[in-house]
Amino acid sequence: MNQRIPFLDMKSPYRELKDELDHAYHRVMESGWYILGEEVEAFEQDFAAYCGAKHCIGLGNGLEALHLILRAYGIGQGDEVIVPSNTYIATWLAVSYTGATPVPVEPDLRTYNLDPQRVESAITSRTRAILPVHLYGLAADMDPLMSLADKYNLRVIEDAAQAQGARYKGRLSGNLGHAAGFSFYPGKNLGALGDAGAVVTNDESLAGQVRMLRNYGSKVKYFNDVKGYNSRLDEMQAAFLRVKLNHLNEWNERRSTLASAYLNSLSNVNDLILPFVPDWASPIWHIFPIRHPRRDDLQKYLKNGNVDTLIHYPVPPHLSKAYVEMGIPKEAFPVAETIASTELSIPMGPHMDLDAVEYIINLLKEFD
């Protein structure tokens, strides 16, 4: 193929929704109101309803969504929060920002999500919460985690940054734990045209705390109850998200069609490990992750064939320089390190055509 296949086409979403997005832009500009106005309120109502939850609080980004949930629950210095050993570092950073300690637990190598069978042994008297990630758009196995939370009086906070619309046993992400943090980074399935995020919860007290924390710790302008933050979803991004939310299910279905093509055609390719989907899961394919023992060679091969790929993620958090003070040695978390050394994300998106998928499939079959 002479034309390069991008990892994710970021131009076509605007072209498809140009009239609606342009109208949203003009609506905000003509309103003269740009922070915490009607657009944010409307999106919060719409997204809460979409998730089947009572509350949505729009924020500046997904990292701050997780951080403010933890802060609102009073988690801080001396506390521990269980996190996956393989995830984007933002999951760990949210815990670190509170002063608490992230406690890594290995994933299930089939799903890449937190392994509930390993979690209980990591719980101590200092554990306050479990923070599972719905990695790559596949919901984590939540029921066993919620049972552990009930047993040990813990909070379960979903990192749903990659899972807008993902289902677990028929229920939508964002309504599976005590609270959820979403990212609307432009590349997400529901992406803004800049940074944005949200907290979703059925906990009215938590929702009130997060609303206050996002706005300098203030419920009433210039009256500050706590030392808060400035993390507010702005009106423009809320307006764009309202438009794109109306198309989210359709775009997720398009991704599912492409994923089916990959899965059906690559099932017998030597050394290629495809994503595993449990019976109880309906993933949204934010990422289509494959694994291969010669991952780096495969990535170079695909690049030479004009196919862009990414690695999610090349360095597990425990081996990053950011967490060197924890003193966790290499091979301490072999499952996470195996994923980091073998995972390759191939192109996936709602504006990718089947011809491009077939081209990639043929390349993968020919790799030697």
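The values are calculated or read from the model by the stated rules, or taken from the named source; none is laboratory data. A quick note: this is a predicted structure, and the numbers were derived from the prediction, not measured. Quick reminder, even Gly has a Cβ in these numbers, built from the backbone with ideal geometry, and neighbours come from all protein chains shown. Surface areas here come from the heavy atoms of the whole protein model, side chains and all, with no ligands, DNA or RNA. Shrake-Rupley method; radii C 1.70, N 1.55, O 1.52, S 1.80 Å.
Please report, ordered by residue number, the helices (runs of 4 or more DSSP H) entirely within the range 1-86 with at least 3 residues that are touching a Lys or Arg at 6+ places or on another chain (Cβ under 8 Å) and either open to solvent by less than 10 Å² (accessible area, probe 1.4 Å) or not aliphatic (A, V, I, L, M) (or both).
Passing ranges, in order: 12-31, 38-51.
Looking at the range 158-176, which of its residues are in contact (Cβ under 8 Å) with a residue 40 or more places away in the chain, over 14 Å from THR91 (Cβ atoms) and touching a helix residue (DSSP H, G or I) at 6+ places or on another chain (Cβ under 9 Å)?
GLN164, GLY165, ALA166, TYR168, LYS169, ARG171, LEU172, SER173, GLY174, ASN175, listed by residue number.
Failed condition for ARG232, given (1) in contact with a Leu (Cβ under 9 Å, 6 or more places away or on another chain); (2) open to solvent by 50 Å² or more (accessible area, probe 1.4 Å); (3) not in a loop (DSSP other than H, G, I, E, B), with all others met?
For ARG232, the failing item is (3).
Could you please let me know if ALA239 is under 30 Å from MET348 (Cα atoms), assigned to a helix (DSSP H, G or I) and small (Gly, Ala, Ser)?
yes
Anything in the range 218-229 that is without any contact (Cβ under 8 Å) to a residue 12 or more places away in the chain and either of a type in the set (A, V, I, L, M, F, W, C) or part of a loop (DSSP other than H, G, I, E, B) (or both)? List them, or say none.
Residues satisfying the conditions are VAL220, LYS221, TYR222, PHE223, LYS227.
Applying the selection to the range 165-176, what residues are under 14 Å from the mean Cα position of the chain (by Cα) and surrounded by 23 or more Cβ atoms within 10 Å (Cβ to Cβ)?
Scanning the range 165-176 gives GLY165, ALA166, SER173, GLY174.
Could you list, in sequence order, the residues of the range 87-102 that are crowded, with 21+ Cβ neighbours inside 10 Å and assigned to a strand (DSSP E or B)?
PRO102
Listed residues ALA161, ALA72, ALA100, ALA149; which is under 14 Å from the mean Cα position of the chain (by Cα) and over 21 Å from PRO334 (Cβ atoms)?
ALA161 is the lone residue from the list that is under 14 Å from the mean Cα position of the chain (by Cα) and over 21 Å from PRO334 (Cβ atoms).
Scan the range 274-295 and give yes if some residue there is outside any loop (DSSP other than H, G, I, E, B) and open to solvent by 70 Å² or more (accessible area, probe 1.4 Å), otherwise no.
There is no residue in the range 274-295 that is outside any loop (DSSP other than H, G, I, E, B) and open to solvent by 70 Å² or more (accessible area, probe 1.4 Å).
Go over the candidates MET29, MET1 one by one and state the one that is in contact with a helix residue (DSSP H, G or I) (Cβ under 6 Å, 6 or more places away or on another chain) and farther than 19 Å from GLY197 by Cα.
None of the other options fit; the residue is MET1.
From the residues in the range 302-333 that are assigned to a helix (DSSP H, G or I) and without any contact (Cβ under 8 Å) to a residue 12 or more places away in the chain, which one is least open to solvent (accessible area, probe 1.4 Å)? Write out each step before concluding.
Just the residues of the range 302-333 that are assigned to a helix (DSSP H, G or I), to begin with: 302-304, 317-319, 321-326.
The next check asks that each one be without any contact (Cβ under 8 Å) to a residue 12 or more places away in the chain; those that pass are 303-304, 321, 324-326.
On the way: LYS303: 131, ASN304: 134, LYS321: 185, VAL324: 106, GLU325: 129, MET326: 62 Å².
Across the range 302-333, the extreme among qualifying residues is MET326.
If you scan the range 116-152, which residues turn out to be open to solvent by less than 10 Å² (accessible area, probe 1.4 Å), in a helix (DSSP H, G or I) and without any contact (Cβ under 8 Å) to a residue 40 or more places away in the chain?
Scanning the range 116-152 gives VAL119, MET142, LEU145, ALA149.
Considering only the range 153-164, I want to know if a residue exists there that is in a strand (DSSP E or B), open to solvent by 40 Å² or more (accessible area, probe 1.4 Å) and in contact with a Phe, Trp or Tyr (Cβ under 8 Å, 6 or more places away or on another chain).
Yes, that holds for at least one residue.
I'd like the full set of residues that are in a helix (DSSP H, G or I) and either within 17 Å of ARG4 (Cβ to Cβ) or open to solvent by 40 Å² or more (accessible area, probe 1.4 Å) (or both), limited to the range 334-356.
PRO334, THR338, SER341, LEU354, ASP355, ALA356
Taking only pairs six or more apart or across chains, which ones have beta-carbon atoms under 8 Å, a first residue in the range 63-86 that is over 20 Å from VAL200 (Cβ atoms), and a second residue that is of a type in the set (Phe, Trp, Tyr) and not in a helix (DSSP H, G or I)?
Matching pairs, first to second residue: SER85/PHE333; ASN86/TYR112; ASN86/TYR313; ASN86/PHE333.
Report, by residue number, each residue of the range 177-202 that is under 17 Å from VAL83 (Cα atoms) and either open to solvent by 10 Å² or more (accessible area, probe 1.4 Å) or free of Cβ contacts under 8 Å to residues at least 24 places away in the same chain (or both).
Across the range 177-202, the qualifying residues are GLY177, HIS178.
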